[in-house]
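Asks: The structure that follows is given in the form of structure tokens.
The values are calculated or read from the model by the stated rules, or taken from the named source; none is laboratory data. Predicted, not measured: the structure shown is a model, and the values here were computed from it. As a convention, Cβ positions derive from the backbone with ideal geometry for all residues, glycine included, and neighbour counts pool all protein chains shown. Note: areas computed on protein heavy atoms with side chains; ligands, DNA, RNA excluded. Shrake-Rupley method; radii C 1.70, N 1.55, O 1.52, S 1.80 Å.
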Amino acid sequence: MTRRLFPTVTLTVCCLMPSIVGWLFPLDVERVAAQSLLQPDLSAAMRDGLMPGQALWTSLGRLIFEDASLALSFAAGLATSLGIMLVLATTWRLAGRSAALMAAVVTLTLPVTWGLAGRPGPEAFIFFSICLLFLVNTVDSGTILGAWMTTSALIVTILTWSYGAIIWIAWFVLEIHRHRTVRNTASSVVELRPVHIRTLLALILAPLIAIALWPHDPMELGALLTTAIGHPMRVPYPNIRADGVLLVSGLARTPGIVTGLALSAAAFPLLWTIMAFAQAKAYTRTDHPVRRGTVILSFALVTLVAINGGPWGLRYSGMVCLTPPIIFFAGIGMVRVGRYIRAQRNTAIRILVAVVFMFALSGSLSLLPMRSTSGPRQLGKWQLPGDQSLPAEFIGQLNESLPPSATLHVLEQNSDYRELVASLVARQILRPDIQIKPLYESQFIVVPSTPTSNISELIDDLRGEVETEVIDGVDRYQLIKL
Amino acid sequence: MQTVGPVLIAVTLVGAMQWYVLTVPPRPPLSKAQPEWTATTGLPNASILSGGKRCSAWVGTRYQCGERPWEWAGAYIGSVQSEGVSDKRVCTWIHPRQGGANQITYRKVSAASRVSGYIGLLDSARNGAHISATLKINGNRVWNVRMTDEYRGWHTFDIKAPRASLGPMNISIELTTPNPAWRHVCFQLTVDKLSASSHGETL
């Protein structure tokens, strides 16, 4: 009893901790990514492109809280906790209790898991859908329960995430791979075992039910699928700077697959990532079809993030994609390291491995204060793109500083900040008399100088007066009077 | 299990190397020759005619040339889409007006070997009439361009200053259009003793 009770309680606490911390200490920012989820009329927001799976979570929050921010925070926290629970359950099912406990340690050292509830947005719901896929992967889709679980998980993914359609395709690959048999002959002919009708039904029904549940014209879902598959690259990409020097210009080019992968990996504690990759490589050799399934699912996610140019192709949802496989494989990898230490008689090797472990743990813990961006803002000299958000302090200063009926322009590389400020005016977080205008008609400009923007270099020539300024780490937000 | 040890040592080395690569200081920025004079910095001392009429005195950051919110002349950040991405540049905004040409004249600009710059119809400009720009140095036309909705983008130029202009020059740029509606045009001039950009048209 105690043998099961202790890990169960420990894992439950680990699942709840990031959400509770997020609820108790929310980050005081308004984010671009969260605006559609905060709209008073969710059905109208869905007509404007809000994914129905995300709206469902927010509606759940609104059953309890009237305030949209609280509702979203609650829903994001719940989705985060359930997601962590699912990925830890997957780890327990496939690799045992110790691996699940180690995976919990990894979970608690990742800034992204702490940021999901404190900085609410759609990422928590995407995280949940991916974690659900990992758990469903461990279930035989040939059984009635397994088929329903697979169908539900794929529907949730397609409806929560515009790139869920690619995961649905990956699931076909996964099932084909599971049913392959390699003849041990000189010709090495690969054959497929018969696929159970329930497995096929689960795969076919998922998009059909998703289309039926889609609140709009089914053609829109079709367009969404073709966009996700045919045009995965998004421009403009943010700039990456070091010591104020532009290293990768979003204007000049988009990061390639290698850069994207390197930056994605760098967004996590490096040794966790390496350990996860090493463990995933070990899993590819196994004959266990479920274990191979986790590798295929992870590979699909990594590929998706890579072809989108790293975490920033998908914004922070890119990092969220990679979090479940990192937790899963790094957790199992830690157990292997532990067993290796126990098996060693050589003290020097024991010390070396213990140092590696401490290095990984301290590296992870050092990134924890960066939960505000769900990841590191700076790696060494590299300033990585921050979230597109405005601190509440700056919003308060805008309300105080701007004269009545002021004309305001948001000077940014892309239109996201402009949409954020317009949304804040519509939601009356900013004064409703403030008018958002083109630059040539504006008396004031808002300049968010984040690492994602190179606008600040152009500002000096405008010779405006800085009315108010808020500096938040590497980000600087200015209100300039022209 | 025996393979774990070497894998661990290998990943530690790779990890340490990657960490070093990530933390190594980047190359210092290339030294950029500062232009001696630009149209945006010289604007407070320029004389401006908009729609054939003189604009008000320089107030704050701009000349007010008319009552409408866009009828002013001053430094601006112009955006022109190029291959799907927005190319933003510092430039001088002056919206054409009915009644005559827009003319900005910069007097007694220091002697220079070259005059370069760019001009373009901005993304915010809706379809409309063509607009012509003429650049003059000491009253002599040295460059002109005719911009239409089909011929958008930043048009660059790099001109060798006339031999006679070893002393201070008078540089002027004139914008004319049959219909000023939505002709959002923006330009920049740079006078630089150093060799200017090799891009663009050279006369």
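Asks: Considering the range A:1-47 alone, what residues qualify as being part of a loop (DSSP other than H, G, I, E, B), of a type outside the set (A, V, I, L, M) and open to solvent by 80 Å² or more (accessible area, probe 1.4 Å)?
Replies: At the first step, the residues of the range A:1-47 found to be part of a loop (DSSP other than H, G, I, E, B) are A:1, A:25-28, A:32-35, A:39-41.
From what's left, of a type outside the set (A, V, I, L, M): A:25-26, A:28, A:35, A:39-41.
If the condition is that a residue be part of a loop (DSSP other than H, G, I, E, B), of a type outside the set (A, V, I, L, M) and open to solvent by 80 Å² or more (accessible area, probe 1.4 Å), then A:Phe25, A:Asp28, A:Pro40 are the ones that fit.
Asks: Mind checking whether some residue in the range B:125-141 is farther than 21 Å from B:Cys55 by Cα and within 14 Å of another protein chain (Cβ to nearest Cβ)?
Replies: Yes - at least one qualifying residue is present in the range B:125-141.
Asks: Ok, one more. Mind listing just one residue for me: the one in the range A:52-73 that is surrounded by fewer than 21 Cβ atoms within 10 Å (Cβ to Cβ) and in contact with a Leu (Cβ under 7 Å, 6 or more places away or on another chain) and, of those, nearest to A:Ile209 (Cα to Cα)?
Replies: A:Pro52
Asks: Considering only residues of the range B:40-55 that are within 13 Å of chain A (Cβ to nearest Cβ) and farther than 18 Å from B:Trp154 by Cα, which is surrounded by the most Cβ atoms within 10 Å (Cβ to Cβ)?
Replies: Only one residue tops the list, namely B:Leu43.
Asks: Just to check your reading of the model, which residue among A:Arg97, A:Arg180, A:Arg119 is touching an Asp or Glu at 6+ places or on another chain (Cβ under 9 Å), more than 18 Å from A:Val302 (Cα to Cα) and open to solvent by 30 Å² or more (accessible area, probe 1.4 Å)?
Replies: A:Arg180
Asks: Just give me the residues in the range B:157-176 being surrounded by 18 or more Cβ atoms within 10 Å (Cβ to Cβ) and free of Cβ contacts under 8 Å to residues at least 60 places away in the same chain, in sequence order.
Replies: B:Phe157, B:Asp158, B:Ile159, B:Ala161, B:Ser165
Asks: Oh, and also: Could you identify the single residue in A:Ala278, A:Ala282, A:Ala306, A:Ala266 that is within 29 Å of A:Met102 (Cβ to Cβ), within 14 Å of chain B (Cβ to nearest Cβ) and modelled with pLDDT under 80?
Replies: A:Ala266
Asks: Kindly indicate the residue of the range B:56-111 that is closer than 15 Å to A:Pro438 by Cβ and of a type in the set (Ser, Thr, Tyr) and also farthest from the other protein chains (Cβ to nearest Cβ) among those meeting that condition.
Replies: B:Ser79
Asks: Among the residues of the range A:390-437, which ones are in contact (Cβ under 8 Å) with a residue 40 or more places away in the chain, β-branched (Val, Ile, Thr) and open to solvent by 20 Å² or more (accessible area, probe 1.4 Å)?
Replies: Result: A:Ile429, single match.
Asks: Give me a count of the residues in the range A:388-428 that are within 13 Å of another protein chain (Cβ to nearest Cβ) and among the polar types (S, T, N, Q).
Replies: Looking only at that region, the number is 5.
Asks: Here is a further query. State whether the residues of the range B:163-171 include one that is within 14 Å of chain A (Cβ to nearest Cβ) and not hydrophobic (A, V, I, L, M, F, W, C).
Replies: There is no residue in the range B:163-171 that is within 14 Å of chain A (Cβ to nearest Cβ) and not hydrophobic (A, V, I, L, M, F, W, C).
Asks: Run B:Ile119 past the list (1) open to solvent by 50 Å² or more (accessible area, probe 1.4 Å); (2) more than 14 Å from chain A (Cβ to nearest Cβ) and report the number of the one that doesn't hold.
Replies: (1)
Asks: When the range A:429-463 is examined, which residues are found to be modelled with pLDDT under 85, within 13 Å of chain B (Cβ to nearest Cβ) and either at negative phi or in a helix (DSSP H, G or I) (or both)?
Replies: Those that are modelled with pLDDT under 85, within 13 Å of chain B (Cβ to nearest Cβ) and either at negative phi or in a helix (DSSP H, G or I) (or both): A:Ser453, A:Asn454, A:Ile455, A:Ser456, A:Glu457, A:Leu458, A:Ile459, A:Asp460, A:Asp461, A:Leu462.
Asks: Name the strands (runs of 3 or more DSSP E) wholly inside the range B:61-154 in which the number of residues that are modelled with pLDDT of 90 or more and of a type in the set (Ser, Thr, Tyr) is 2 or more.
Replies: The qualifying strands (runs of 3 or more DSSP E) are B:102-109, B:114-121, B:131-137.
Asks: Additional query: Pairs please, first residue from the range A:201-213 and in contact (Cβ under 8 Å) with a residue 40 or more places away in the chain, second anywhere and part of a helix (DSSP H, G or I) and open to solvent by 60 Å² or more (accessible area, probe 1.4 Å), Cβ atoms under 7 Å, 6+ apart in sequence or on different chains.
Replies: Partner pairs satisfying both residue conditions: A:Leu203/A:Phe172.
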